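Step one of this worksheet: look at the structure below.
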Amino acid sequence: MATTTQIEWTDATWNPVTGCSKITRGCDFCYAERFSERFRGVPGHAFENGFDLTLRPERLRQPLTWREPRRVFVNSMSDLFHKEVPTAFIDAVFDTMEQADWHTFQVLTKRSSLMVKYLRRRYDTKSAPVHIWLGVSVEDKQNLVRLKHLKTAQASVKFVSFEPLLGPLGEVDMNGIDWAIVGGESGPHARPMAEEWAIEIRDHCHAAKVAFFFKQWGGIRPKSGGRLLRGREWNQYPRMPKAATARAMAAE
């Protein structure tokens, strides 16, 4: 677990799985792949196998040792619902998240249909605990189906990361969603994001009373373009249900 992170919308990262495979154009210039492949073949390095999918069971219990409540981005270097991650291993990740309920876990996937099936299997007719937020990545109009999947998911808190935002989305119904993150691509091959694309999503969020977070414009480096959208920062988070808020405060 990383005790610090430069990802603006979270406090820490936890990677019980690393590595992934590309499924849509939002994956083309993946920052996690770029970082991991730098160390392929380095003996003893955590990324000696580069970006090959790797289960890391020794990390499964890490959040239980971290007593200070914080937001934890799960698998910033992978996708928990990758088809090659065994269900039993996903179960172990959820077991830890459920036990470490003083943290807020943020789980983000592009494999939205697999996430929906897993949640149905695990929770039956109930929803995931309020401290486990479930989200999907949507980079363009062609992948808005992930948002539809998310709306059917048995999650108490649902969020969407529109990053890297690669085109206009048009009309997007954000009803039933708790939080939206928007960000441009970063890295040497970063594709530009138009202001009107971000503004359009912001306006849809306002209409549906969805918390809106503008992460970055992107560019060669994540911080290259700054974080201002129409002259201000947007740092909204979903409102935590009262029970979860009280539990987090009691753990401090």
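The values are calculated or read from the model by the stated rules, or taken from the named source; none is laboratory data. This structure is a prediction, so every number in the text was calculated from the model and none was measured. Here Cβ is always computed from backbone atoms with ideal geometry, including for glycine, and neighbour counts include all displayed protein chains.
Working only within region 44-57, note down all residues that are assigned to a helix (DSSP H, G or I) and either in contact (Cβ under 8 Å) with a residue 60 or more places away in the chain or among the aliphatic types (A, V, I, L, M) (or both).
First pass over region 44-57, keeping only residues assigned to a helix (DSSP H, G or I): 57.
Once the filter is applied, which keeps residues that are assigned to a helix (DSSP H, G or I) and either in contact (Cβ under 8 Å) with a residue 60 or more places away in the chain or among the aliphatic types (A, V, I, L, M) (or both), region 44-57 yields nothing.
Looking only at residues in region 92-140 that are more than 18 Å from N75 (Cα to Cα) and acidic (D, E), which one is modelled with the lowest pLDDT?
It comes out as D124.
Being at positive phi, basic (K, R) and at pLDDT 95 or above, is that true of even one residue in region 231-242? So that I can check it myself, show each step before the final result.
Within region 231-242, the subset at positive phi is 231.
If we keep only those that are basic (K, R) as well, we get none.
Within region 231-242, not a single residue is at positive phi, basic (K, R) and at pLDDT 95 or above.
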